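Asks: Take a look at the following structure, please.
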Amino acid sequence: MKKFLSLISAAIIAAAIFSGGCALFNGDEEGHGVATCSVAICEILDALDCEEVVGVPVTDDTLPERYQDIKTIGAPMGPDIEIVKLINPEILLVPKTLQASLNAQFAAAKINVKYIDLSDIEQMYEDILEIGQIIGKQTEAQSLYNNYTQYIENYPRFETQTTVMTVMAFANTFTIATEESYVGNLVKIAGAKNVYGSGLVTDGTGVITNPSLEDVAQKDPDIILVFAHFNEENAFKYIQDLTKSDAVWKNFRAVQSGEVYYLSTNNGFGVSANLEWTTALETLRPIFFGE
């Protein structure tokens, strides 16, 4: 029912689409195009063959070629509201994880926002269907969705009692990602068991903001998966140093048995779900089940 209502809403929006462009959201105000503060959403728009992108995030990552000269609107976690207002997009596409922290600012500035779920792969594709309706790329969106459903239907179903802890690393700290995070969602699909499941108190991204070190130590997983929030080289080095110097980390069975894996954005990992998720999933399978 939730998906049905969402698609009805998207269909109403699509009815306002003008030829080759996006739905008019601003009433008498003449907005134009689509902006986003997310690299992952830029990649989705590129896959949808959207030429109406007018704002992209500041990032060290490589944006799709067609968007590399587009005006930047600030950092992914905090877009510059004044720049967004100046660009005046018809719609701003934002990861749902930022809704709680930014929605009031967007509302005060009268910026039309669509929040995209990048923590759950299935929901990401449902949102892609809605984006396709909004920007007049229904055929392309349906094709992406069909590819997703076909892949999932054909994905080999195995389950293991192997326990996994997913660690989000920074340059000088770390936190824990639950089953409700993007990487946690991949672990679940792959068939392993996350020691931090669903229903835990998180920051809205499936990440525990202040994990108890004592609790982390007691989990003692079979495998530890590490991905970076930012600056992958320094973040991974921080965890590597912990495994050599910190008493808790040195005592993990996963550390002692060499079962700590560093998951690169080059293989589709990271904080947000993205279109390279199948590469990430195929990377996890041999870790859990062998070659």
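The values are calculated or read from the model by the stated rules, or taken from the named source; none is laboratory data. In this text the structure is predicted, and so the values were computed from the model without any measurement. Positions of Cβ are backbone-derived with ideal geometry, glycine not excepted, and every protein chain shown enters the neighbour counts. With ligands, DNA and RNA removed, areas are computed over all heavy atoms of the protein, side chains included. Shrake-Rupley method; radii C 1.70, N 1.55, O 1.52, S 1.80 Å.
Asks: Choose one of I83, V54, Y115: the residue whose Cα lies farthest towards the positive end of the charge dipole of the chain (beta-carbon charges +1 Lys, Arg; -1 Asp, Glu; about the Cα centre).
Replies: Y115
Asks: So, taking all protein chains as they sit and a 1.4 Å probe, how much accessible area belongs to D120, in Å² rounded to tens?
Replies: Counting only protein heavy atoms, the figure is 50 Å².
Asks: DSSP loop (so not H, G, I, E, B), at most 15 other Cβ within 10 Å: list which GluC sites (Glu not before Pro) in segment 78-172 pass both filters.
Replies: Details: sites: E82, E90, E122, E126, E130, E140, E153, E159; in loops: E90, E159.
Sites meeting the loop and neighbour criteria: E159.
Asks: Another question about this same structure. Which of the following values of Rg/Rh (Cα atoms, Kirkwood Rh) was calculated from the structure shown: [x] 0.97; [y] 1.00; [z] 1.08?
Replies: [y]
Asks: I would also like to ask the following. Go ahead and estimate [θ] at 222 nm for the chain from helices alone: -39,500 (n - 2.57) per DSSP H run with n ≥ 4, summed, over the residue count, rounded to 500. Spell out each step's value before the answer.
Replies: Details: 12 runs with 122 residues, N = 291.
Taking each H run of at least 4 residues, the total per residue is -12500 deg cm²/dmol.
Asks: Taking a ≥ b ≥ c as the square roots of the eigenvalues of the Cα gyration tensor of segment 80-141, is the shape rounded (a/c under 1.5), prolate (a/b larger than b/c) or oblate?
Replies: Working: a/c = 3.15, a/b = 1.46, b/c = 2.16.
Because a/c hits 1.5 or more and a/b fails to exceed b/c, segment 80-141 counts as oblate.
Asks: Does segment 128-227 come out rounded, prolate or oblate, given a ≥ b ≥ c as the square roots of the eigenvalues of its C-alpha gyration tensor, rounded meaning a/c under 1.5 and, failing that, prolate meaning a/b above b/c? Don't skip to the answer; put the middle values down first.
Replies: Working: a/c = 3.15, a/b = 1.72, b/c = 1.83.
Here segment 128-227 falls in the oblate category.
Asks: Among DSSP bridges having both ends in the chain, what percentage is antiparallel? Round to the nearest 5. It would help to have the intermediate numbers written out before the result.
Replies: Numbers: 9 of 31 bridges.
Around 30 percent of the beta bridges assigned by DSSP in the chain are antiparallel ones.
Asks: May I ask you to list the lysines whose Cα is less than 28 Å away from that of K71, ignoring any residue fewer than eight positions away on the same chain?
Replies: K85, K96, K110, K114, K137
Asks: Let me ask you something else. Based on the mean of other beta carbon atoms within 10 Å per residue, what is the order of 269-280, 204-215, most packed first? List each step's numbers first, then the result.
Replies: Details: 269-280: 21.2, 204-215: 15.6.
In descending order of packing, they fall as 269-280, 204-215.
Asks: Roughly how many nanometres apart are two label points built 7 Å out from the Cα toward the Cβ at E65 and K85?
Replies: Output for this residue pair reads 3.8 nm.
Asks: If you don't mind, another one. Return the carbon/sulfur percentage of the accessible area of the chain, one whole number, probe 1.4 Å, all protein chains in place.
Replies: 48 percent
Asks: Then there is this: How many Å² of accessible area per residue for the chain, probe 1.4 Å?
Replies: Details: 14170 Å² over 291 residues.
Value returned for the chain: 49 Å² of accessible area per residue.
Asks: In addition: Let me know the charge dipole size of segment 115-273 about its Cα centre in debye, to the nearest 20, where only the beta-carbon of Lys, Arg (+1) and Asp, Glu (-1) is charged.
Replies: Values: 9 positive and 21 negative charges, 95 e Å.
Result for segment 115-273 is approximately 460 debye, rounded to the nearest 20.
Asks: Is the shape of segment 137-178 best called rounded, prolate or oblate, per the rule: a/c under 1.5 gives rounded, else a/b larger than b/c gives prolate, else oblate, with a ≥ b ≥ c the square roots of the Cα gyration tensor eigenvalues?
Replies: Working: a/c = 5.83, a/b = 1.60, b/c = 3.64.
Taking the square roots of the gyration eigenvalues as a ≥ b ≥ c, segment 137-178 is oblate.
Asks: Shifting gears a bit: To the nearest 20 debye, what is the magnitude of the charge dipole of the chain about its Cα centre, counting +1 on the Cβ of each Lys and Arg and -1 on the Cβ of each Asp and Glu? Intermediate values should be presented prior to the final figure.
Replies: On the way: 18 positive and 39 negative charges, 125 e Å.
Charge dipole, the chain, about its Cα centre: 600 debye, nearest 20.
Asks: For segment 60-210, give me the percentage of DSSP beta bridges that are antiparallel, rounded to the nearest 5 percent. List each step's numbers first, then the result.
Replies: Working: 8 of 14 bridges.
So the antiparallel bridges amount to about 55 percent of the total.
Asks: Can you list the lysines whose alpha carbon sits under 17 Å from that of K219, skipping same-chain ones fewer than 8 residues off?
Replies: Partners found: K193, K250.
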